[in-house]
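In what follows, a single structure is set out as C-alpha cells and then discussed.
The values are calculated or read from the model by the stated rules, or taken from the named source; none is laboratory data. Keep in mind the model is a prediction, meaning the values are calculated, not measured. Backbone-built Cβ (ideal geometry, glycine too); neighbour counts: all protein chains shown. We work out accessible area using only protein heavy atoms, side chains counted, and drop any ligands, DNA or RNA first. Shrake-Rupley method; radii C 1.70, N 1.55, O 1.52, S 1.80 Å.
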Amino acid sequence: MRGQLIKRYFITGLLIWVPLVITAWVLSIIVSTLDQSLRLLPETIHPQRLFGFSIPGAGALLTLAMILLTGLLAANFIGQKLVGWWDKLLSRIPVVNSVYKSVKQVSDTLFAPNGNAFRKALLVQYPHQGSWTIAFLTGNPGGDIVNHLPGHYVSVYVPTTPNPTSGFFLMMAASDVVELDMTVDEALKYVISMGVVAPPKRPHIVTRHANTHS
C-alpha cells in the first residue's frame, strides 16, 4: 500500500515537472538562438560592452524589435515600394528566385492577417482504409491537376504528431472527407497531444463533407 502511494505521488510530481522542464528547455533554445542576432550589432553598442556582462534574452528582444520595425516601415507607402523593389531584385537571381518565391507564398498564406491557411478540421482515412486521422482543409487542387481528377476534390494537409509542422499534402475526394465540428486550434491541440487532450464534446450533428466554398 505504501509503495503504491509513493508511486502515485511520484507520477503526480512528474506530471507537474515534465511540462515545466520541457517548456523551459524549448524557451531556452529559442532565446539562445535569437541571441545570435546580437552579432549584427556594432561592438560599441553591444550589451556586454555597455553593461559589462551579457544579458540573456537581449537577442530575442532585438529580434522582436527588428520584426516590429520592419513591419512598421513596410506598412507605409515608401516601405511598400522598397519591399516591391526588393522582391523584383530577388526574382532576377537564379535559384534564389524559385526558393524565395516558394517560401514567400507559403509565409504569406500562413501569416497574413486575412489568411486562412487551415480552413477547417477534417477527419480522413489515412494512411489506408479503416485508419482515421485528423487533417486540415487547405483549398482546392489547381492548375492542370483539376483536368486529371474526376469529380470534386479538396486539398488537405495531414500533420504528423507531436510535431504538426511536418506532414503530408494530399488531394482527396470531397465525399471521402468528413468535416469536424471543432476549431482548428482544438484539432491542433489534439494532434500535438497525441490524442490525450480531446476537444470538448458538442451535440451530435449530421456528418458533413468538406466544402471549400463555405
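I'm checking my understanding of the structure. Among residues of the range 141-168 that are under 20 Å from the mean Cα position of the chain (by Cα) and farther than 17 Å from L123 by Cβ, which one is surrounded by the fewest Cβ atoms within 10 Å (Cβ to Cβ)?
Among those residues, the one meeting the criterion is T165.
Working carefully through the options L188, L137, L149, find the one that is at negative phi and in contact with a strand residue (DSSP E or B) (Cβ under 6 Å, 6 or more places away or on another chain).
Every option except L137 fails the conditions.
List pairs: first in the range 138-152 and free of Cβ contacts under 8 Å to residues at least 40 places away in the same chain and polar (S, T, N, Q), second open to solvent by less than 50 Å² (accessible area, probe 1.4 Å) and part of a strand (DSSP E or B), Cβ under 6 Å, 6+ apart or cross-chain?
Short answer, once both residue conditions are applied: T138/S155; T138/Y157.
Which ones in the range 63-81 are at pLDDT 80 or above and either more than 24 Å from the chain's Cα centre (by Cα) or surrounded by 12 or more Cβ atoms within 10 Å (Cβ to Cβ) (or both)?
Selection gives K81 alone.
Looking at (1) at pLDDT 80 or above; (2) open to solvent by less than 100 Å² (accessible area, probe 1.4 Å), can you tell me which one V31 breaks?
Of (1) at pLDDT 80 or above; (2) open to solvent by less than 100 Å² (accessible area, probe 1.4 Å), only one is false for V31: (1).
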